[in-house]
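Asks: Dumping the structure here so I can ask a few things about it.
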Amino acid sequence: MMAKKGPAIWVILIALILSLPVWSAGQRRNQQKEQQPQQPGQGQPGFGPQTKNKDEADAFNALQKEQNPAKKVELAEAFVSKYPDSDYVAYAQTFRVTSYSQLGKHKESVAAAEQAVDATIKFGEKLAAKADADAKLSDKDRENVRKKDKNAVFLDKESPQFQEFMTQSEQRIVALYKSIIQSYQMLNDAPHMMEASKKALGLKPDDVDLLATISNVMAERPPANDQQMTEQMKQAEEYVNQALTLLPAYLSSPENASWTPAQKAEVTSQLHYTLGLIYLRQKRLSSSQTELMTALKSKPNDPITYYRLGIAYVQEMKNDQAMDALGKSVFLKGVSEPNARDLLKQLYVQKNKSEQGLEDYIKSAGSKIGQ
């Protein structure tokens, strides 16, 4: 599959959990007095995940601080085994995801991510159930609870703190699905990639990364059945056009403020490449050529795009343009080089009655890249 890969999602997952502080039971009781920092989404003492004792807190802190991926996996699995009911199981599973990704163990990373999603959902359900129960308490009930535990916390689903924490939980789930998608991409498993992408889109249908990924997979892996292929390309076209509509706001968003021009160009190029490939599958050759050329304006050194452009020209009998595009693809090498070279050789021999001069032609085509 000639798909284009984005940055490792485990970097994002680490950012979502790495700054998460953990307190022992004794520290929680004194956190207001000592003015310790609160967890993300925590607007009141005790909100969000909590450790039940010092041993649990120390174990998670040790896991969080460990830098060696293999050792981190060991600590995470030991934590989950020893504290299966901990509020921090989801975070421990997420550390397994990131560590397995770093170790190149993609099947294991997928399994850990699925477990992390499940644990994150269960913890959210636990908080929601407590909020529902707290909402039924009378003022007298709350007073009686506080007499027994002065640190008791009552959750309110309508509070900004509760909603912020749930929003962050959803962000973690989407990031975990993205890690699953990336792992399946590394495993060259398109069906499972699409399955995970659709689940993630159900949570965040306006996510440009997800729309770009699933539309590209659908374009690169068409079904053999003509009717199914037609339907898949139609859906892929909708996804990529939605992503292109959202692209300007996405690129200018605060979370992408630190992106380099090259990173922004990569996203722009991939979306236009995908749309160009979809049009190629649909035999809309002129539109395909336009989109692929647009992709090359953002990323002029992409051999796969030149290869697809060459095919679009061939199918419209524009052999000179096809040879130029294919020559550039061969010059840039990459996974498309063998196929591009074979097709270029056929066209070159057809025109020149010989292979003589082919390598010079390739060098000449390559010299014009970016002009």
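The values are calculated or read from the model by the stated rules, or taken from the named source; none is laboratory data. These numbers come from a predicted model, not from an experiment. So basically every Cβ, Gly included, is an ideal-geometry build from the backbone, and we count neighbours across all protein chains shown. Accessible surface areas use protein heavy atoms only, side chains included; no ligands, DNA or RNA. Shrake-Rupley method; radii C 1.70, N 1.55, O 1.52, S 1.80 Å.
Asks: Please identify, among Gln228, Gln102, Gln50, the residue showing maximal mean-square fluctuation in a Gaussian network model of the chain using a 10 angstrom Cα cutoff.
Replies: Taking springs between Cα atoms under 10 Å, the residue moving most is Gln228.
Asks: Any idea what the dipole of the chain comes to, in debye rounded to 20, about its Cα centre with Lys/Arg Cβ at +1 and Asp/Glu Cβ at -1?
Replies: Taking the Cα centre of the chain as origin, the dipole is about 400 debye.
Asks: What is the gain in length, in nm to one decimal, between Glu77 and Met166 on full extension, counting 0.36 nm per residue of separation less the C-alpha to C-alpha distance?
Replies: Difference between extended and current length: 29.5 nm.
Asks: How big is the charge dipole of segment 282-362 about its Cα centre, in debye rounded to the nearest 20, if each Lys and Arg gets +1 on its Cβ and each Asp and Glu gets -1 on its Cβ?
Replies: Here segment 282-362 has a charge dipole of around 220 debye.
Asks: Among Gly276, Gly202, Gly124, which one moves the most in a GNM of the chain with springs linking Cα atoms closer than 10 Å?
Replies: Gly202
Asks: So for the chain, taking the charge dipole from beta-carbon charges (+1 Lys/Arg, -1 Asp/Glu), which of Thr213, Ala262, Asn151 sits furthest toward the positive end?
Replies: Toward the positive end, the furthest listed residue is Ala262.
Asks: What residue among Asn319, Asn256, Asn188 has the largest mean-square fluctuation in a Gaussian network model of the chain, using Cα springs under 10 Å?
Replies: Asn256
Asks: So how much slack lies between Lys126 and Arg142, counting 0.36 nm per residue of separation and subtracting their Cα-Cα distance, in nm?
Replies: The Lys126-Arg142 span can extend by a further 3.8 nm.
Asks: Sticking with this structure for a sec: Before I look further, what does segment 223-288 give for accessible area per residue, probe 1.4 Å, in whole square angstrom?
Replies: Normalised by residue count, the accessible surface of segment 223-288 is 53 Å².
Asks: Let me ask something else about it. Which helices, taking whole DSSP H runs in the chain, have alpha carbons extending 27 angstrom or more along the helix axis plus mean Kyte-Doolittle at least -1.0?
Replies: Correct list, ordered by number: 106-135, 160-186, 226-251, 261-281.
Asks: Okay, next question. Suppose all protein chains stay in the model; what accessible area per residue would a 1.4 Å probe give for segment 313-362, in Å²?
Replies: I get 58 Å² per residue for segment 313-362.
Asks: Between segment 90-109 and segment 173-227, what is the separation of their alpha carbon centroids in Å?
Replies: Spelled out, the Cα-based centre of one part sits 19 Å from the other.
Asks: Any idea of the accessible area per residue across segment 131-205, 1.4 Å probe, to the nearest Å²?
Replies: 58 Å²
Asks: If you roll a 1.4 angstrom probe over the protein chains with everything in place, what fraction of the accessible area of segment 84-184 belongs to carbon and sulfur, to the nearest %?
Replies: Of the solvent-accessible surface of segment 84-184, carbon and sulfur hold 48 percent.
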